[in-house]
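Chemist: Before I ask anything, here is the structure I am working with.
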Amino acid sequence: MLEGALLLAALAAGDAKAGEAVYSRCLACHSLAYHRTGPKHCGLFGRRAGDAPGFEEYSAAMKRSKLVWNEKTLDRFLENPMKAVPGTTMTYAGVQDAEERADLIAYLKQEGKCPAS
């Protein structure tokens, strides 16, 4: 219980500006606005994993994961993608530092809204 409360406090305190620097590590495969090797990140929060419209390259494991992206699921996935979703094709080892993950999540929340169509 305490661990969960500490996680929520850390996520709430994430620094979006610092998270932008952490996000630069993601740019080889991802973008906020468009699909690359990996899916775009706009509209991420509340979206089911493996279900970004227009992205067809998901692993079967990601499609089956039943994750819905929120602060908690992102934190767990970003810490160790291959442990969180065994069989994922995302080969990035993860963001080990909890503060960096909180910053990255704050950045994604701030900048990850899709523009109105």
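Chemist: Please verify whether segment 92-108 includes one or more residues that are touching a residue at least 60 places away in the same chain (Cβ under 8 Å), part of a loop (DSSP other than H, G, I, E, B), crowded, with 16+ Cβ neighbours inside 10 Å and not polar (S, T, N, Q).
Modeler: Taking every residue of segment 92-108 in turn, at least one turns out to be touching a residue at least 60 places away in the same chain (Cβ under 8 Å), part of a loop (DSSP other than H, G, I, E, B), crowded, with 16+ Cβ neighbours inside 10 Å and not polar (S, T, N, Q).
Chemist: Just for segment 52-82: of the residues that are without any contact (Cβ under 8 Å) to a residue 12 or more places away in the chain and part of a loop (DSSP other than H, G, I, E, B), which one is surrounded by the fewest Cβ atoms within 10 Å (Cβ to Cβ)?
Modeler: The extreme case among them is Glu56.
Here, each number is a calculation from the coordinates, and none is a lab measurement. Please read all numbers here as calculations on a predicted model, not as lab measurements. Heads up, the Cβs are rebuilt from the backbone with ideal geometry, glycines too, and the neighbour counts pull from every protein chain shown.
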